[in-house]
Amino acid sequence: MPEQISIIEIVANSGPLVLSVLAVLALASLASWVMIFQRWFFLRRVVNEMDEFEEHFWSGIDLRQLYSELDGQDDLIGIEKVFVAGFKEYSRLSEGSGADTEAIMQGAQRAMRVALTREEESLETHLAFLATVASTSPYVGLFGTVWGIMNSFRSLINMSQATLASVAPGISEALIATAMGLFAAIPALIGYNRFSARVDVLMKRYHAFSDELTGILHRAVHARG
């Protein structure tokens, strides 16, 4: 029975261009996995922090007390930053002389919109890279495949009799590039779709909380007046 050639031997004997393609895809896959785990832990932390904050917020605590607890902390994330930004601007404007209700509410809403935009950017960190890897890796692998197959057929020019054994190593080398492209693309695509859906859900909760806080502050302004 003829000895089978291992995949490692095929890769080791690959041409420079195919090796370069495999190296690029391997690096892209490694970076994707690092970002996937980083996003997973970060988003899980955001959800836990949001649940804890909302429970504390709706427990009946005075908003000024809640603001004093959070203001100045460096590790605030997500909805806490939205609350601090909105209430800080509300407090600054409401303490000023001559500020009307409309100006106070517009300032608080503007501060919360800015905070929401920044939080959305934070939640979407690395998603663009995952999308790029998911969409381009199969084509990079296909390029290596086409090049490997082309070289295999070019090697037949100087042969008087072509056999499967003479072209099989080159074709195998080429197909490994396609497999590597899919190996890099599939996890990146799954991660991108999963995290994009999670970001959409979180942003809806952010906006809902922002609207609820706006209503509470609006009632507080009228009660003060």
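Would segment 44-51 turn up any residue that is surrounded by 18 or more Cβ atoms within 10 Å (Cβ to Cβ), out of contact with any strand residue (DSSP E or B) (no Cβ under 8 Å at 6 or more places or on another chain) and in contact (Cβ under 8 Å) with a residue 24 or more places away in the chain?
So far as segment 44-51 goes, yes, one or more of its residues are surrounded by 18 or more Cβ atoms within 10 Å (Cβ to Cβ), out of contact with any strand residue (DSSP E or B) (no Cβ under 8 Å at 6 or more places or on another chain) and in contact (Cβ under 8 Å) with a residue 24 or more places away in the chain.
Checking L189 against (1) buried (at least 17 other Cβ atoms within 10 Å of the Cβ); (2) over 22 Å from the mean Cα position of the chain (by Cα); (3) farther than 27 Å from V82 by Cα; (4) modelled with pLDDT of 80 or more, which test does it fail?
Condition not satisfied by L189: (2).
From the list A108, A103, pick out the single residue that is surrounded by fewer than 16 Cβ atoms within 10 Å (Cβ to Cβ), touching a Leu at 6+ places or on another chain (Cβ under 8 Å) and either free of Cβ contacts under 8 Å to residues at least 40 places away in the same chain or not charged (D, E, K, R) (or both).
Testing whether each residue is surrounded by fewer than 16 Cβ atoms within 10 Å (Cβ to Cβ), touching a Leu at 6+ places or on another chain (Cβ under 8 Å) and either free of Cβ contacts under 8 Å to residues at least 40 places away in the same chain or not charged (D, E, K, R) (or both) leaves just A103.
Out of T132, T125, T136, T117, which single residue is surrounded by fewer than 21 Cβ atoms within 10 Å (Cβ to Cβ), at pLDDT 90 or above, under 18 Å from the mean Cα position of the chain (by Cα) and not in a helix (DSSP H, G or I)? Spell out the reasoning first.
On the way: T132 fails: not in a helix (DSSP H, G or I); T136 fails: not in a helix (DSSP H, G or I); T117 fails: not in a helix (DSSP H, G or I).
Only one candidate qualifies: T125.
Residues that are under 30 Å from F183 (Cβ atoms) and modelled with pLDDT of 90 or more: list the helices (runs of 4 or more DSSP H) wholly contained in segment 1-113 that include at least 2 such residues.
Correct list: 16-57.
Find all pairs meeting these conditions: Cβ atoms under 9 angstrom apart; at least six residues apart or on different chains; first residue within segment 131-146 and touching a residue at least 24 places away in the same chain (Cβ under 8 Å); second residue of a type in the set (F, W, Y).
The qualifying pairs are A131/Y192; V133/Y192; A134/Y192; S137/F183; G141/F183.
The values are calculated or read from the model by the stated rules, or taken from the named source; none is laboratory data. As the structure is a prediction and not an experimental result, all values here were calculated from the model. Because the Cβ atoms are built from the backbone with ideal geometry, glycine has one as well, and the counts that use them run over all protein chains shown.
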